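The values are calculated or read from the model by the stated rules, or taken from the named source; none is laboratory data. Predicted model only: the values in this text are computed from it and were never measured. Cβ sites come from the backbone with ideal geometry, for glycine too, and all protein chains shown count toward neighbours. Accessible surface areas use protein heavy atoms only, side chains included; no ligands, DNA or RNA. Shrake-Rupley method; radii C 1.70, N 1.55, O 1.52, S 1.80 Å.
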Amino acid sequence: MRGGGRSGIATGGPRGRRQSANGGGQSRAEALAALTRRFERAGIDSPERDAEILLLRALHVSRAELWSEPAARLNPREAEELAALAERRTDRVPLQLLLGTTPFCSATLDLEPGVFIPRPETEGLVEAVLRGSNPARGTLLDLGTGTGAIAIALLHALPEWTGVAVDRSPAALALATRNAARNGLSGRLHLLKADFRDPGAAAAIGQEGPFDLVVSNPPYIRSGDIPGLMPEVRDHDPIEALDGGPDGLDPLRDLARGIPLWLGPGGVAAVEIGADQADDSKSIVGPILENARVLSDLAGRPRILIGTRGGGSA
């Protein structure tokens, strides 16, 4: 087992077991320090943060409660739960999957293996759309919805809007349906099984519109770059949600061909792209969208391609 199995979490050996039985196991602070060191050795990007979050999960307490009693000892059940979580995180299972939920803008989303995990960068797409001039009422289309994150966050912020969210994965659609219900949006978000990259499906999706807004976080990783991704991404996100073809732009090309079918005059399209794809992306959508431009994420990297379809007011 990578990272030394469960070492550094529970006290080992017969003597350690006797200590735990008598209330002499690790303190909360000791467990946190040991887990942080273990995650550092495993190459995890944010070892202290991840260690604290998993300790809170094992203890079933708030952060304030944790630090109000840092010397409190872990009982056997807490130590066992923490060890199990630590082992899976050391094996580079994403923290979000271990927790089972993730915040996304104003929403809380359930997660499950086999469905793409939304990242904070994608919240920038939602924010970019909301900074624009949106009508009081409208309709949106989310292509490759996954968990439903983008559509759900936008419908939260646009209470008079409705939407259609499309994915070809039955598992993703089932999860997005649950997330829409969890966030009180079942009546405003229609889930549709379709592959927007297929020309026949693209035309069928168009019959649901036209839409005032089209959004997507399509696959945009170059095929050759996937083996070098972090294990949390490479080994746990579905390959079809990552692989954008040889240059990472094949899904965007398909999306651009569909925009005239989906987006009404004056409607806005907003798409997440790779940080080094700004110029190529603008070239692809330039003939279709007016004022096509790329906005930066919070780290200053080009991330959101946005533009307006001609023939109406933005």
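What translational diffusion coefficient, to the nearest whole µm²/s, does region 203-264 have by Stokes-Einstein, given a Kirkwood radius computed over alpha-carbon pairs, a temperature of 10 °C and 1.306 mPa s viscosity?
Values: Rh = 12.9 Å.
Rounded, D is 123 µm²/s.
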>> Quick check: the distance between the Cα centres of region 262-314 and region 92-140, to the nearest angstrom?
In response: 19 Å
>> If packing is taken as the average number of other Cβ atoms within 10 Å across a peptide's residues, how do 266-275, 248-257, 36-45, 217-226 rank, most packed first?
In response: 266-275, 248-257, 217-226, 36-45
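Please tell me the relative contact order of the chain in percent, rounded to the nearest whole number, where contacts are Cα pairs under 8 Å and at least six residues apart. Could the numbers behind the result be given before it?
Details: 579 pairs, mean separation 40.8, N = 314.
Contact order relative to length: 13 percent.
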> What percent of all Cα-Cα pairs in region 229-314 falls in each 10 Å bin, counting up from 0?
Replying inline: 16, 44, 30, 9, 1
> What fraction of the Cα pairs in region 22-80, stated in percent, has a spacing above 13 angstrom?
Replying inline: 58 percent
>> Quick check: at a probe of 1.4 Å, how many percent of the accessible area of the chain sits on carbon and sulfur atoms?
In response: 51 percent
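Hey, what's region 73-173 come to in accessible area per residue, 1.4 Å probe, Å²?
Details: 3790 Å² over 101 residues.
Averaged over the residues of region 73-173, the accessible area is 38 Å².
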> If region 111-161 were replaced by its equivalent ellipsoid, with semi-axes equal to the square roots of 5 times the Cα gyration tensor eigenvalues, what would those be, largest first, whole Å?
Replying inline: 22, 12, 8
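If Thr308, Thr177 are ordered by their accessible area, calculated over protein heavy atoms with a 1.4 Å probe, which sequence runs from highest to lowest? Show your work: numbers first, answer last.
Details: Thr308 20, Thr177 70 Å².
Most to least solvent-accessible, the answer reads Thr177, Thr308.
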> Binning every alpha carbon pair distance of region 19-134 at 5 Å from zero, what are the percents per bin?
Replying inline: 2, 10, 18, 19, 17, 13, 8, 5, 4, 2, 1, 0, 0
>> Can you bin every Cα-Cα distance in the chain into 10 Å intervals starting at zero and give me the percent of pairs per bin, rounded to whole numbers?
In response: 6, 24, 29, 19, 13, 7, 2, 0
> When each pair of different Cα atoms in region 59-200 is counted once in the 1/r mean, what is the Kirkwood radius in angstroms, to one decimal?
Replying inline: 17.1 Å
> Looking at region 108-213, which GluC sites (Glu not before Pro) are DSSP coil and have at most 16 other C-beta atoms within 10 Å of their C-beta?
Replying inline: Glu160, Glu208
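Given a 1.4 Å probe, how much area per residue of region 194-314 is accessible, in Å²? Mind dumping the intermediate values first?
Numbers: 5330 Å² over 121 residues.
Accessible surface, normalised per residue, equals 44 Å².
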